[in-house]
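Here's the structure, in structure tokens; my notes come after.
The values are calculated or read from the model by the stated rules, or taken from the named source; none is laboratory data. Everything numeric here is computed off the predicted structure, so don't read it as measured data. Cβ placement follows ideal geometry from the backbone for every residue including glycine, while neighbour counts extend to all protein chains displayed.
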Amino acid sequence: MRILLVDHACCDPPHSRAHQLRTALAGLDVIASVCGPASVSTLESPSPGLHGIHLHDVAAASRILLAAVRDGAAEAFLSATATVPSRLLGLVRETARQMIAEAVDMLDPDAIFVVHAGILADLAIETGAPVVVHVSAGDLAAAASRPSLRRLVRAAVGSSGTVVAADEPTATELSRHWLAADAIAEGRCETWPLAPDEATSVLTACRRAVGRRQAATG
């Protein structure tokens, strides 16, 4: 199986969460690539399996966003995207869209696993591949603070083949305010925390998303 890992946190190898998960998936005979914010250009330091989204130049227009990109934490990035001007947010999304499309073209993934329900989740949906999105309470809080982001995240979560809540309170919030009743009834929402040793859970969730897509298309 081929899985594209899309993370909102810094994906610099080799110690980032996404690369640790990629390594663990390789042990399960999964071919995986990583796409997400990166601090080093692939032209300067090629990293096999990494499709870095380089946002420093774009983020320079906003002190808050630039600080978040430099911080590298997904929580900082998601909070910043909830406050930056719409024009700048559009530039961030277009930069990310191009790299996610490139990653999909190169890997041709069976599924995409997105870490955090942020502005990259709906871009993953746009590719047409089955998507799994892992959601934390902070993701929903950041999205809820901006109507345009809330619409994007709600649509992405609703269109994902499998939605994974990081904990029970997040699962409750998803079921009450973000997911349609049919998604709950169909068992599309799971609950488990994300860690490098959860590679088996990631693979299983992706297989379920692929299975649902195949069942829907006949």
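The strands (runs of 3 or more DSSP E) found wholly in region 1-85 and carrying at least 1 residues that are at pLDDT 95 or above, within 14 Å of the chain's Cα centre (by Cα) and buried (at least 20 other Cβ atoms within 10 Å of the Cβ) occupy 2-7, 31-37. Among the residues making up region 169-182, those that are aliphatic (A, V, I, L, M), in a helix (DSSP H, G or I) and within 20 Å of the chain's Cα centre (by Cα) are Ala171, Leu174. Check whether at least one residue in region 146-168 is under 30 Å from Ser86 (Cα atoms), assigned to a helix (DSSP H, G or I) and β-branched (Val, Ile, Thr), and report yes or no. Yes: one or more hits.
Within region 108-120, can one find any residue that is in a helix (DSSP H, G or I), surrounded by fewer than 23 Cβ atoms within 10 Å (Cβ to Cβ) and out of contact with any Gly (no Cβ under 8 Å at 6 or more places or on another chain)? Scanning region 108-120 turns up no residue that is in a helix (DSSP H, G or I), surrounded by fewer than 23 Cβ atoms within 10 Å (Cβ to Cβ) and out of contact with any Gly (no Cβ under 8 Å at 6 or more places or on another chain).
Within region 86-107, restricting attention to residues that are free of Cβ contacts under 8 Å to residues at least 24 places away in the same chain and either crowded, with 17+ Cβ neighbours inside 10 Å or not basic (Lys, Arg) (or both), the residue that is nearest to Gly36 (Cα to Cα) is Gln98. Quick test of your reading of the structure: Thr162 fulfils all but one of (1) more than 23 Å from Arg97 (Cβ to Cβ); (2) hydroxyl-bearing (Ser, Thr, Tyr); (3) buried (at least 20 other Cβ atoms within 10 Å of the Cβ). Name the failing condition by number. Only one criterion in (1) more than 23 Å from Arg97 (Cβ to Cβ); (2) hydroxyl-bearing (Ser, Thr, Tyr); (3) buried (at least 20 other Cβ atoms within 10 Å of the Cβ) is unmet by Thr162, namely (1). Do we find that His116 is in contact with a Leu (Cβ under 8 Å, 6 or more places away or on another chain), touching a residue at least 12 places away in the same chain (Cβ under 8 Å), farther than 20 Å from Gly211 by Cα and not acidic (Asp, Glu) in this structure? Yes; evaluated as a whole, the condition is true for this residue. Within region 106-125, take every residue that is acidic (Asp, Glu) and either more than 13 Å from the chain's Cα centre (by Cα) or modelled with pLDDT of 95 or more (or both) and give me the one that is farthest from Leu21 (Cα to Cα). It comes out as Asp108. The condition (being more than 26 Å from Phe77 (Cβ to Cβ) and part of a helix (DSSP H, G or I)) is satisfied by just one residue among Gly211, Gly187: Gly211.
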